[in-house]
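Below is one structure, written out as structure tokens; comments come after it.
The values are calculated or read from the model by the stated rules, or taken from the named source; none is laboratory data. Model, not experiment: these values are computed from the prediction. Neighbour counts are summed over all protein chains in view; Cβ atoms, including those assigned to glycine, are modelled from backbone coordinates with ideal geometry. Areas reflect the complete protein model, heavy atoms only, side chains present, ligands, DNA and RNA absent. Shrake-Rupley method; radii C 1.70, N 1.55, O 1.52, S 1.80 Å.
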Protein chains: 2
Amino acid sequence: MEDSKAPVSEHGGETSKADVLEVAASSGSRRAAANRGLAVLDLILRFVAVIATVGSAIAMGTTNQTLPFFTQFLRFKAQYSDLSTLTFFVVVNSIVAAYLVLSIPLSIVHIMASRAKYSRLVLVFFDAAMLALVTAAASAAAGIVYLAHKGNARANWFAICQQFDSFCGRISGSLIGSFAAMALLLLLILLSAAALARR
Amino acid sequence: MEDSKAPVSEHGGETSKADVLEVAASSGSRRAAANRGLAVLDLILRFVAVIATVGSAIAMGTTNQTLPFFTQFLRFKAQYSDLSTLTFFVVVNSIVAAYLVLSIPLSIVHIMASRAKYSRLVLVFFDAAMLALVTAAASAAAGIVYLAHKGNARANWFAICQQFDSFCGRISGSLIGSFAAMALLLLLILLSAAALARR
């Protein structure tokens, strides 16, 4: 930077000025290309996060298990809506997936308009809010899944996974997508902030 | 902008040039003052968030209740470490409080250096990570607290709050600080991103 600026202030010749402009233009276009790369990465991460959250919501939402034995009055059946935390999990994952789909057009705009400012700011805020939302759902569900696996002797809560083993396996697995979406949203926030800083 | 630029290119007089420079300088200093205001707000929010998380950790960590009746072998006593989710809550709130204390010097630097770029980027990333962490702890604990209050008939989990009422009141209350810290961290991310955008 020091070297390329020096000739203008000292000599001010036409050729050196042109050189400087050329250097500036090429560094500008390099910078724009890097920004475009970040924006494309942003778009790809959003697609992956949509798949992760939709997968989580579907895996959790379609879980149910009916035990092969039943009494005269009772049929032992487990499904996600028996536990309100798991219902919350399905709802939140659907909301976050919907938000991510809605944010994709804006992400595409950012590939073209690499100097956009306020739209990136809006994205950072909503990405952070969605990060909080999906984290809340995933960790509350993880807490309940842990309880279903281990139970708690002090509170007299039994490990229901001893009976409902396939149900438990499924609800444990469906957490993965949500935690992946968490990591992706964290990356998306960093990417947007980096794009704001590089403008 | 159009109006203030026009005189220079057309007339190039000394006075109008000086005017323009003056206008630019005053708009620059106004902008710097606004940035300083944002940085001071950032510092204040960090202090409040420290108090909120420390309060949460202490309120949860010091909770215990011993029931007035006991058998020959058993004394009925409830404390936060009986439930691993509540232990997680205490640990995470302590970690986030420690991070926020460590981030305060950087926040003070930003009051002076309003054009700092990479340090703000680092703050955005770690703020987002801490937002995820404190949200995870708060919502997992909220899930367990809900279960302690309501129980779950399908899983045969009883509402322990019927016996341990003061314990339950305390653990419910200690969630407030954590949720407040969540909102504050969300605001802090927005402030840092806005500062990056305004540079």
Residue in the stretch A:155-164 that is more than 10 Å from chain B (Cβ to nearest Cβ), out of contact with any Lys or Arg (no Cβ under 6 Å at 6 or more places or on another chain) and farther than 28 Å from B:Ala159 by Cβ present: no
Sole residue being more than 11 Å from chain B (Cβ to nearest Cβ) and of a type in the set (A, V, I, L, M), chosen from A:Ile189, A:Ile111: A:Ile111
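Does B:Arg154 qualify as being farther than 30 Å from A:Thr66 by Cβ, surrounded by fewer than 24 Cβ atoms within 10 Å (Cβ to Cβ) and not aliphatic (A, V, I, L, M)? Write out each step before concluding.
Numbers: farther than 30 Å from A:Thr66 by Cβ: no; surrounded by fewer than 24 Cβ atoms within 10 Å (Cβ to Cβ): yes; not aliphatic (A, V, I, L, M): yes.
So B:Arg154 does not fit the description; no.
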Hits in the stretch A:121-144 - residues which are more than 7 Å from chain B (Cβ to nearest Cβ) and open to solvent by 10 Å² or more (accessible area, probe 1.4 Å): A:Val122, A:Phe126, A:Met130, A:Leu133
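The rows are residues; the columns are (1) at pLDDT 95 or above; (2) closer than 25 Å to B:Ala181 by Cα; (3) touching a His at 6+ places or on another chain (Cβ under 7 Å); (4) among the aliphatic types (A, V, I, L, M).
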{"position": "B:Ser27", "(1), (2), (3), (4)": "no, no, no, no"}
{"position": "B:Asn35", "(1), (2), (3), (4)": "no, yes, no, no"}
{"position": "B:Thr53", "(1), (2), (3), (4)": "yes, yes, no, no"}
{"position": "B:Gly61", "(1), (2), (3), (4)": "no, yes, no, no"}
Residue, surrounded by the fewest Cβ atoms within 10 Å (Cβ to Cβ), within the stretch B:165-181, restricted to residues that are closer than 23 Å to A:Phe158 by Cα and not hydrophobic (A, V, I, L, M, F, W, C): B:Asp165
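Which residues, counting only those in the stretch A:109-132, are within 17 Å of the chain's Cα centre (by Cα) and not small (Gly, Ala, Ser)?
A:Arg120, A:Leu121, A:Val122, A:Leu123, A:Val124, A:Phe125, A:Phe126, A:Asp127, A:Met130, A:Leu131
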Unique residue being in contact (Cβ under 8 Å) with a residue 12 or more places away in the chain and more than 30 Å from B:Asp82 (Cβ to Cβ) when the list is A:Ser166, A:Ser107: A:Ser107
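Take the residues in the stretch A:74-120 that are aromatic (Phe, Trp, Tyr) and over 20 Å from B:Thr135 (Cα atoms), then tell me which one is most open to solvent (accessible area, probe 1.4 Å). Please lay out each step first, then the result.
Of all residues in the stretch A:74-120, those aromatic (Phe, Trp, Tyr) come to A:76, A:80, A:88-89, A:99, A:118.
Then drop every residue that is not over 20 Å from B:Thr135 (Cα atoms), which leaves A:76, A:80, A:118.
Numbers: A:Phe76: 67, A:Tyr80: 57, A:Tyr118: 156 Å².
Out of the qualifying residues, it is A:Tyr118.
For the stretch B:55-69, enumerate the residues that are open to solvent by less than 60 Å² (accessible area, probe 1.4 Å) and either among the small types (Gly, Ala, Ser) or under 23 Å from the mean Cα position of the chain (by Cα) (or both).
Restricting attention to the stretch B:55-69, the residues satisfying the condition of being open to solvent by less than 60 Å² (accessible area, probe 1.4 Å) are B:55-57, B:59-61, B:63, B:65-67.
Of everything in the stretch B:55-69, those that are open to solvent by less than 60 Å² (accessible area, probe 1.4 Å) and either among the small types (Gly, Ala, Ser) or under 23 Å from the mean Cα position of the chain (by Cα) (or both) turn out to be B:Gly55, B:Ser56, B:Ala57, B:Ala59, B:Met60, B:Gly61.
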